[in-house]
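Taking it in order: structure first as structure tokens, then the write-up.
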Amino acid sequence: MAFWSSQTLENRLGALIAGAGAPKVDCNAIELTIGREVYVTPNLTDIYTTTKQQLQLEEAFQIPPGQFAFLLTEEIVKVPKAAMAFISMKATFKMKGLINVSGFHVDPGWEGPLVFAVFNAGPAPVHLQRGLPLFLIWYADLDQPSEKHKSTPGAATIPPTLISSLTGGNDTLFALDQRLKDGIKRLDEEDRKLDSRIHELRNAQTRNTVMISVIAPILLGLVALAFKDSIVSLLPTRSTSISQPHTGP
């Protein structure tokens with residue numbers, strides 16, 4: 001088995017890659033770009049709203065840490081029956097934590113776009129866009145045309161069966177960490193509100209105590225004065241007249 005050189009790839013490029021503007025040969029591989037359709041697995045909170053994305057030219061998207069994605073190539077790939085192909089991802093994106101977890105070869109006779117399954121094992125989201133050169137494909141000769149080969153065209157879109165296997169949601173460590181931080185932040189906010197309320201209640205209690213200490217003596221004095229007047233009014237009135245002695249005729 002011999003891998004094809006850059007000269008061979010350039011000479012046969014038109015028969016190998018279709019449906020793209022101008023495929024580029026990188027050393028002894030051909031660059032493949034991100035196409036019009038992608039699917040990124042959701043967090044648990046988004047499992048009922050997330051579906052495939054249809055991208056416009058150069059439209060951006062991201063793969064969060066700990067999430068999977070299916071990426072459809074812009075190019076239609078063709079593999080002769082007397083050859084097979086190997087696929088991988090560019091090192092620039094591998095360094096960011098993006099891992100190719102799909103198959104690593106393309107069978108003889110294949111014709112159609114490729115669906116790459118990738119996983120973000122890095123600590124930060126990986127930002128991508130349609131038309132970005134992300135993948136590489138190498139070709140190698142077989143000793144003779146393979147009798148067993150692909151005979152039907154590959155799917156033009158990401159198959160629903162692939163998506164169904166990953167629609168349960170993936171609550172990653174990154175997402176759990178964010179939720180924990182958000183929860184702690186909410187608790188801190190509630191704690192600050194509670195402290196503020198307690199402080200207000202203490203101030204109100206202090207004001208009430210001062211008012212009571214001022215008003216109480218006044219009220220007690222008024223009550224005492226009222227009782228005094230009531231008691232005096234209830235006492236019998238003493239006659240101030242003096243009896244005169246009776247004298248006979």
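The values are calculated or read from the model by the stated rules, or taken from the named source; none is laboratory data. Nothing here was measured: the structure is a model prediction, and the numbers come from that model. Every residue, glycine as well, gets a Cβ built from its backbone with ideal geometry; the counts of neighbours run over all protein chains shown. Note: accessible area is taken over every heavy atom of the protein model, side chains too, but ligands, DNA and RNA are not part of it. Shrake-Rupley method; radii C 1.70, N 1.55, O 1.52, S 1.80 Å.
Odds and ends about this structure:
- A 1.4 Å probe run over segment 1-142, with the rest of the protein chains in place, finds 46 Å² accessible per residue.
- The Rg/Rh ratio for segment 1-127, using Cα coordinates for both the radius of gyration and the Kirkwood hydrodynamic radius, is 1.00.
- For segment 16-31, backbone phi angles converted through the Karplus equation (6.51, -1.76, 1.60; θ = phi - 60°) give residue-by-residue couplings of 9, 10, 9, x, 10, x, 8, x, 10, 8, 10, 6, 10, 10, 10, 6 Hz, Gly and Pro being listed as x.
- Ranked by solvent-accessible area (1.4 Å probe, protein heavy atoms only, all chains present), the residues His127, His149, His105 order from largest to smallest as His127, His105, His149.
- A Förster distance of 41 Å, applied to the separation of the beta-carbon atoms of Leu13 and Ala155, puts the FRET efficiency at 0.95.
- Over all other residues within a Cβ to Cβ distance under 14 Å of Leu114, the charged ones net out to -3, with Lys and Arg as +1 and Asp and Glu as -1.
- At R0 = 22 Å, FRET efficiency that the Cβ-Cβ distance of Asp182 and Ala124 yields, to 0.05: 0.75
- Where Arg202, Arg192 fall by accessible area, highest first, once all protein chains stay in place (1.4 Å): Arg202, Arg192
- Overall Cα dimensions of segment 59-161, principal axis frame, Å, largest first: 46, 26, 23
- The amide H of Leu142, built 1.01 Å from its N in the peptide plane, has Ala83, Met84 as neighbours under 5 Å, considering only residues 5 or more places off or on other chains.
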